[in-house]
Amino acid sequence: MNAPGTVRLARISVLVAILAPLLFFCACRRDGKGTLRTTDSLLHEALPAGRDFAFASGSQEFLDPAKVAETAGHHLMMNVFEGLYVYNRGDGPPVPAMASGVAVSADGLTYTFTLRPGITWSNGRPISAQDFVWSWRRVLDPKTASRSAQLLWFIRGAKAFNEGVEPDPDKVGVHALDPSTLRVELANPTPFFLHLLCEMPFVPTPREEVERWGDQWPQPEHIVSNGPFVLAEFHPRKWAVLQRNPRYYDVGNVYLETIHIYDTEDEQTAFEWYEVGKTQWHGDVGLPMEQVPLLREAGRVDFRTDPKLCSYYFSIRVDRPPFDDPRVRRAIALAIDRERLALHVLRGGQIVSSGAVPDLFGVTHGYHVLQSETFNPEKARALLAEAGYPRGVGLPPVEFYFNTGEGHRVIAEYVQRNLQENLGIRVQLANMEWGTLLKTLLAGRFSIGRSSWCADYPDPLTFLEVFESDSKSNYSGYKSPEYDEVIAAIRREPDLHRRNTDLRRAEEILARDLPFLPMYHYTWSYLIRPYVLGYENHMQDEHPLKYVRYATPQEWERIRHGEAIHLAPLPGELTPTGGG
Amino acid sequence: MAAVVLRRLLQGLLTLWVVMTLSFGLMRIAPGGPFDREKPLPPAVMANLGRTFGLAANVPSPVSGTLLRFAGKVRGHVRAGELLAVLRAKNGSEVKVLADRDLTLVQNVGEAGRALRVGEPLCVRETSLWEQYVASLKSYARLDLGVTYASEGSTSVLHNLMQSFPISLELGLYALIVALILGVSAGLLAGLKRNTWIDYVSMTTALGAVSLSSIVLGPLLVLVFGVWLRWLPWGGWEPFSFRWAHMQVKILPVVTLALVYAAWFARLARAGVLEVIHQDFIRTARAKGLSEFAVVTRHALRGALLPVVSFLGPALAGIVTGSVVVERIFSVPGIGEYFVTAAVNRDYPMVMGTVILYSTLLIVANVGVDIAYAALDPRIRREAA
């Protein structure tokens, strides 16, 4: 045996072992963008031959619409069940579905719905107003323990019944006057009530099957539903298949025949499935964070970013010096260059905010949010000096709490640099696990802490309620009788225009007192094949698949030539004004 | 013999109880509960959920009357003897309701003016850890693993385990077979052709595979065979069958999981061969004029396999339980997912279910081995007697 030769061989093999993976990774890195599909290749795909549609969805485990509370399972359920009203195609008022119309009393408290004639369950049994009464009571029944029951608390008597205070379900303000007339009495005028009716807890559930099969009723072999699609196959954590429901009242206008929902929680997997053409919409799992800027820069035709009804901000504890002085809070708010943060740091198309409410209520409410200055370092310095801290002198270091992950650190560091540079304020960052941060915020043991708020219902009020004195999510400890009074007035007001004036008033008070640091409103980015039409931008991010269709060959030709084809919203029911 | 079996089984049961108790304790020490969200749920909804899953119980009203006021706390800890609420009884007197124990309030039911009868819920409290522990032990004694929180109570833990465990088992067994074939042949070759390029290449690859681990290997294989070459699909799982349509999606996860273990097997097999190859009986076999092939297959292989076989037990356990990462990468709906998500979501019954399943498997395997030893080895039998 040749000893030196052996040593040499060993050395070479070690070298190869180290270098090979390195080379491999370099190759991957350089090719990082190359592995993305190009707009060109997407536009040269053939139109699908059939009417099958596929997307990825995160672990849908549970299927009872009375209980579906979170994203998982939502996309499946919302295409299988349908309530009195349904989300529009894109931003627009709700569209009558199981109801054919509604009459609202002058005080905005009583809604009388007429059911669409001839509507049936997927097994042919007619749907009556009593079905709705039974289903809504079921959601509210304490024994059902529904997490989304709160959405029904707008109905008179619903809260007491759900809390177990009032055992008689008949006291809940929903009654069938006859098989096709449903009367609903509300606790307060709720101008967004028709929007609420589109949500899952308001859909009817089939009484006979629920009573017969118990918890097993949503299984494909038992389920009976009333939406545009029926559940044909369901394999938890694997896949589900939906088929067009031939008994759906508007089946003639439903284009898709079969929908495949592939289960994954992994963003990369969902992304790859889309890239290789297994799915037409990448799904509800979100895109891998590092792909979003790449896709944006590549200008991919199928990459879309929609605004969301979600707001990112920092809560400021208003009872802690020096933040008990509104001038200090305003100075900090004005010292952060959010445009640059969104454009160059986050790069997700985030919408810079100066207040709590995203500006997405123009179409539905005729309401445009208060826009005020977001960045003015001069003014910020002046305010700080006025408060007695010229150039930040005399200010103790400020502690910023945020939770680990999701790029929160990047944002916190950006704010830290801005405050240091523009105001001379020293900021210490402290990150903690999510549950711990939540506890700290709830206990009020902080000066500035990361928070966010997503709409409970599509109305500016959901963002403004947060800052009410006794709101649970009012981490700032902000207490303003003036503000509480305006919020109470908004709740009472049946007239939409006067209500908008009150909303504006509330926004102005918030902008003046500033118990929080507005940062930006969330967006969400997704991929959808360019030949898919009818998947339109919706502020609540709801896209019923009954509106989705594939482009005709002529349309596809136009899209290939760079035209964007959007389907207009349907004529829906405008939010009733009650007193109007 | 029967005494040995009985004793080992009892010991197994004891171990299982210890593991269960520890897991129960650890789960509850972790901060946060199963229904904590960024937006806190209203107390009434929390109370409804809590009662449904045995995490909350009613505090009944001791008298009939009208509620005047609550002590003020909406949520939080109340010590034994502290005031909960004030009622006006039927006879007009004021009754102060005190807490009969330390408790954590979930909900004060209703508002002032509410009329109550004896026994109707006045408040809702969290059940104590002890109550929960006793309740779960009771249900486990009835072989009832409970329902999962993630499904809002509509799916039983057992159902989830029965759905997912066979998949993990299938993945693990394939991976084990592939690992054995790959690893043993590579190790055998390397051992026989010691210090040749065959040896270096296979051992370097083995070293690489062990160091890379499946978290790197998986995405690499997907990139090469799935994205670039487009040879194989990945992501998801198909039912058990040997049809190509069902097998192809399983290839990448199986190979990813197998490579790491193949590397271990290769190193063990190589060591085994090296130990055997210079022994006298091999020289004798060669001296008898046996062909090299016969020497290797009849004699060297057995020696090489010994360390591999003794590693098979731990490897099987590791491969079946350790596929968490691979299952995650390839969206395989196996049991691994529950290890992670159930724990993160504080889905207590699901976590306990997985823990119990795996401890039972490991304990049964160990007890089985012990019993087998006892049957095989008279000395152990005598010891036990």
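The values are calculated or read from the model by the stated rules, or taken from the named source; none is laboratory data. Predicted model, so just to flag it, every value in this text is computed and none were measured. Positions of Cβ are backbone-derived with ideal geometry, glycine not excepted, and every protein chain shown enters the neighbour counts. To get the accessible areas, we keep the full protein, side chains included, count just its heavy atoms, and leave off ligands, DNA and RNA. Shrake-Rupley method; radii C 1.70, N 1.55, O 1.52, S 1.80 Å.
Select from region A:135-157 the residues that are in contact with a Gly (Cβ under 7 Å, 6 or more places away or on another chain) and either facing chain B (nearest Cβ under 8 Å) or not in a loop (DSSP other than H, G, I, E, B) (or both) and write down the one among them that is nearest to A:Leu196 (Cα to Cα). In this case the residue turns out to be A:Ile155.
Given the criteria in contact with a Leu (Cβ under 8 Å, 6 or more places away or on another chain) and within 14 Å of chain B (Cβ to nearest Cβ), does A:Glu275 qualify? So A:Glu275 passes the test. Among the residues making up region B:280-305, those that are hydrophobic (A, V, I, L, M, F, W, C) and surrounded by 15 or more Cβ atoms within 10 Å (Cβ to Cβ) are B:Ile282, B:Ala285, B:Leu290, B:Val295, B:Val296, B:Ala300, B:Leu301, B:Ala304, B:Leu305. Listed by first and then second residue, the pairs linking a residue in region A:118-144 that is free of Cβ contacts under 8 Å to residues at least 40 places away in the same chain to a residue that is surrounded by fewer than 21 Cβ atoms within 10 Å (Cβ to Cβ) and in a helix (DSSP H, G or I), with Cβ atoms under 6 Å apart and 6 or more places separating them unless they lie on different chains, are A:Arg137/A:Pro169.
Report, by residue number, each residue of region A:413-422 that is in contact with a helix residue (DSSP H, G or I) (Cβ under 6 Å, 6 or more places away or on another chain) and either open to solvent by less than 10 Å² (accessible area, probe 1.4 Å) or assigned to a strand (DSSP E or B) (or both).
A:Tyr414
For A:His368, the stated conditions do not hold, so it cannot be described as assigned by TED's automatic domain parsing to the domain that holds A:Ala506, surrounded by 16 or more Cβ atoms within 10 Å (Cβ to Cβ) and under 21 Å from the mean Cα position of the chain (by Cα). If you go through region B:328-346 and keep only what is open to solvent by 10 Å² or more (accessible area, probe 1.4 Å), over 15 Å from B:Met162 (Cβ atoms) and more than 9 Å from chain A (Cβ to nearest Cβ), you end up with B:Phe339, B:Val340, B:Ala343, B:Val344, B:Asn345, B:Arg346. Suppose the filter is within 20 Å of B:Arg328 (Cβ to Cβ) and of a type in the set (Phe, Trp, Tyr); does B:Phe240 pass it? No: the conditions fail for B:Phe240.
Any residue at all in region A:440-455 that is touching a Lys or Arg at 6+ places or on another chain (Cβ under 9 Å), without any contact (Cβ under 8 Å) to a residue 40 or more places away in the chain and within 14 Å of chain B (Cβ to nearest Cβ)? Checking region A:440-455: at least one residue is touching a Lys or Arg at 6+ places or on another chain (Cβ under 9 Å), without any contact (Cβ under 8 Å) to a residue 40 or more places away in the chain and within 14 Å of chain B (Cβ to nearest Cβ). Of these, A:Leu231, A:Leu182, which one is in a strand (DSSP E or B), modelled with pLDDT of 95 or more and buried (at least 17 other Cβ atoms within 10 Å of the Cβ)? Answer to the selection: A:Leu182. The criterion of being under 30 Å from A:Arg505 (Cβ atoms) and open to solvent by 30 Å² or more (accessible area, probe 1.4 Å) does not hold for A:Phe446. Set side by side, the residues A:Ser354, A:Ser311 differ, and just one is assigned by TED's automatic domain parsing to the domain that holds A:Leu510, assigned to a strand (DSSP E or B), within 25 Å of A:Thr462 (Cβ to Cβ) and within 26 Å of the chain's Cα centre (by Cα), which is A:Ser311.
Looking only at residues of region A:278-303 that are within 13 Å of chain B (Cβ to nearest Cβ) and of a type in the set (Val, Ile, Thr), we find that the one that is nearest to A:Ile565 (Cα to Cα) is A:Thr279. Return a yes/no flag: does region A:423-439 have any residue that is at pLDDT below 90, in a loop (DSSP other than H, G, I, E, B) and within 14 Å of chain B (Cβ to nearest Cβ). Yes: one or more hits.
Among the residues of region A:158-196, those identified as farther than 22 Å from A:Ala97 by Cβ, aliphatic (A, V, I, L, M) and within 13 Å of chain B (Cβ to nearest Cβ) are A:Ala160, A:Val165. Are any residues in region A:530-553 outside any loop (DSSP other than H, G, I, E, B) and either open to solvent by 10 Å² or more (accessible area, probe 1.4 Å) or of a type in the set (Ser, Thr, Tyr) (or both), and if so, which ones? Within region A:530-553, A:Lys546, A:Tyr547, A:Arg549, A:Tyr550, A:Pro553 qualify.
Residue selection: B:Gly272 fails the criterion of being small (Gly, Ala, Ser) and outside any helix (DSSP H, G or I). Looking across region A:236-268, the residues that are open to solvent by 60 Å² or more (accessible area, probe 1.4 Å) and either outside any helix (DSSP H, G or I) or β-branched (Val, Ile, Thr) (or both) come down to A:Trp239, A:Gln243, A:Arg244, A:Pro246, A:Arg247, A:Tyr249, A:Glu257, A:Glu265.
Whether any residue in region B:217-240 is open to solvent by 50 Å² or more (accessible area, probe 1.4 Å), in contact (Cβ under 8 Å) with a residue 12 or more places away in the chain, under 30 Å from A:Phe271 (Cα atoms) and in a helix (DSSP H, G or I) is what I want to check. So far as region B:217-240 goes, yes, one or more of its residues are open to solvent by 50 Å² or more (accessible area, probe 1.4 Å), in contact (Cβ under 8 Å) with a residue 12 or more places away in the chain, under 30 Å from A:Phe271 (Cα atoms) and in a helix (DSSP H, G or I). A:Asp325 meets each of the listed conditions (1) surrounded by fewer than 17 Cβ atoms within 10 Å (Cβ to Cβ); (2) of a type in the set (Asp, Glu); (3) closer than 30 Å to A:Ile490 by Cα apart from (1). Mind checking whether some residue in region B:309-324 is modelled with pLDDT of 75 or more, in a helix (DSSP H, G or I), touching a Lys or Arg at 6+ places or on another chain (Cβ under 9 Å) and open to solvent by 30 Å² or more (accessible area, probe 1.4 Å)? No, region B:309-324 contains no residue that is modelled with pLDDT of 75 or more, in a helix (DSSP H, G or I), touching a Lys or Arg at 6+ places or on another chain (Cβ under 9 Å) and open to solvent by 30 Å² or more (accessible area, probe 1.4 Å).
Applying the criterion of being of a type outside the set (A, V, I, L, M, F, W, C) and open to solvent by 10 Å² or more (accessible area, probe 1.4 Å) to the residues of region B:161-170, the residue that is nearest to the other protein chains (Cβ to nearest Cβ) is B:Gln163.
Within region B:186-196, the set of residues being touching a residue at least 60 places away in the same chain (Cβ under 8 Å) and more than 14 Å from every other protein chain (Cβ to nearest Cβ) comprises B:Ala186, B:Gly187, B:Leu188, B:Gly191, B:Leu192. Taken over region A:385-409, the residue count meeting the criterion of being open to solvent by 40 Å² or more (accessible area, probe 1.4 Å) and farther than 20 Å from A:Phe446 by Cα is 8. Scanning region A:307-322 for residues that are surrounded by fewer than 18 Cβ atoms within 10 Å (Cβ to Cβ) and not basic (Lys, Arg) turns up A:Cys310, A:Asp319, A:Pro321.
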